[in-house]
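K.L.:
Have a look at this one before I ask anything.
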Amino acid sequence: MLTIKGLAVRFALGLAALAAIPAVSNDAAACGDVFIPEIDHRIQGLASAEKTMRDGKIVASAQSIVRMFPEIRSINPGKDGMLQRAQRTLAVALVRADGGIDLDPTWRGKTPEQRAKNVAWAVAALERLREQRKNDPSVDTDLGEALAKVDGRKDEARSLLQGLADRDLMATPQGYAALGRLQHEAGNQTARDAAVQRCNTMAKDSAICQVPTSQGGQS
């Protein structure tokens, strides 16, 4: 039979146990606040947009970038790697669509003026990236492809892309295709054919490598 003293001891132990429960819970919550980082879902989304671009789904890739980074047109990414990748992916999409991606009021591409404005933004974004990543053949390839779409800068584009081709540093089949078109316009058939051949070797889709072989014709 429990004495009055024994009951008092048990009661005191019970109160101590109850008092300890909130303390443990608070410590756990505090640990959670400190050690569980917030996840930036744009990291995974950006990787997906880059893959979508590689798969040739230009509009879908651009839509994804603009949705994740709605202010991307006016952002200067500086040395922020994620923003650099986002602007680069969107810039390449705009170039390959000839500026004709019509996404929202910021990215209208229905008129020649709007399309030219989009391509100009793409060139500026890639030039800015090139300042941060000097001597990067992949960036140089993208920039050369973009410059090839700008009247008055095609000679610069041809020089840049041909230099990459001569050193076997061209990063994309689209770069070779752009070089082929530029060499065709310059009347250099040998260089044009060499670029097309290298494009066909690299590309999964030979349609990328279609370059005129005569006025009004396609290779």
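The values are calculated or read from the model by the stated rules, or taken from the named source; none is laboratory data. In this text the structure is predicted, and so the values were computed from the model without any measurement. Methodologically, a virtual Cβ is constructed for each residue, glycine included, from the backbone with ideal geometry; neighbour enumeration extends over all protein chains shown. Just the protein is used for accessible areas: all its heavy atoms, side chains included, with ligands, DNA and RNA removed. Shrake-Rupley method; radii C 1.70, N 1.55, O 1.52, S 1.80 Å.
K.L.:
Find the accessible area per residue for the stretch 66-150; the probe is 1.4 Å, ligands and nucleic acids are left out, and the unit is Å².
P.N.:
46
K.L.:
Ignoring everything but the protein chains, give the 1.4 Å probe accessible area of His184 in square angstrom, nearest 10.
P.N.:
40
K.L.:
Using a 1.4 angstrom probe and counting only protein chains, how large is the accessible area of Leu161 in Å², to 10?
P.N.:
The value for Leu161 is about 0 Å².
K.L.:
Classify the stretch 106-219: rounded, prolate or oblate, from the alpha-carbon gyration tensor (a ≥ b ≥ c, eigenvalue square roots; a/c under 1.5 rounded; otherwise prolate if a/b is larger than b/c)?
P.N.:
Oblate, since a/c reaches 1.5 and b/c is not below a/b.
K.L.:
Sorted by accessible area with a 1.4 angstrom probe, largest first, how do Glu50, Glu156 fall? Show your work: numbers first, answer last.
P.N.:
Numbers: Glu50 40, Glu156 85 Å².
Solvent-accessible surface, decreasing: Glu156, Glu50.
K.L.:
On to the next question. Going down the list Lys79/Lys110; Lys51/Lys117; Lys79/Lys204, which pairs span over 29 Å between their C-alpha atoms?
P.N.:
Lys79/Lys110; Lys79/Lys204
K.L.:
Please compute the length gained on full extension between Lys134 and Asp40, using 0.36 nm multiplied by the number of residues separating them and subtracting their Cα-Cα distance.
P.N.:
So the extension gain works out to 31.0 nm.
K.L.:
Taking θ = phi - 60°, what integer Hz values does the Karplus form 6.51 cos²θ - 1.76 cosθ + 1.60 yield along the stretch 95-110, in sequence order, with x for Gly and Pro?
P.N.:
Working through the residues one at a time gives 5, 6, 9, 6, x, x, 8, 9, 9, 7, x, 7, 10, 6, x, 8 Hz.
K.L.:
Carbon-plus-sulfur fraction of the accessible area of the stretch 96-205, 1.4 Å probe, in percent? If you can, show how the numbers build up before the last one.
P.N.:
Details: 2490 of 5640 Å².
Here it works out to 44 percent.
K.L.:
Right, here's the next one. Going by accessible area, probe 1.4 Å, with all protein chains left in place, what is the ranking of Ser74, Ser48, largest first?
P.N.:
From most accessible down to least: Ser74, Ser48.
K.L.:
Moving on to the next point. Ranked highest first by the average count of other Cβ atoms within 10 Å around their residues, in what order do 144-155, 104-115, 194-205 fall?
P.N.:
144-155, 194-205, 104-115
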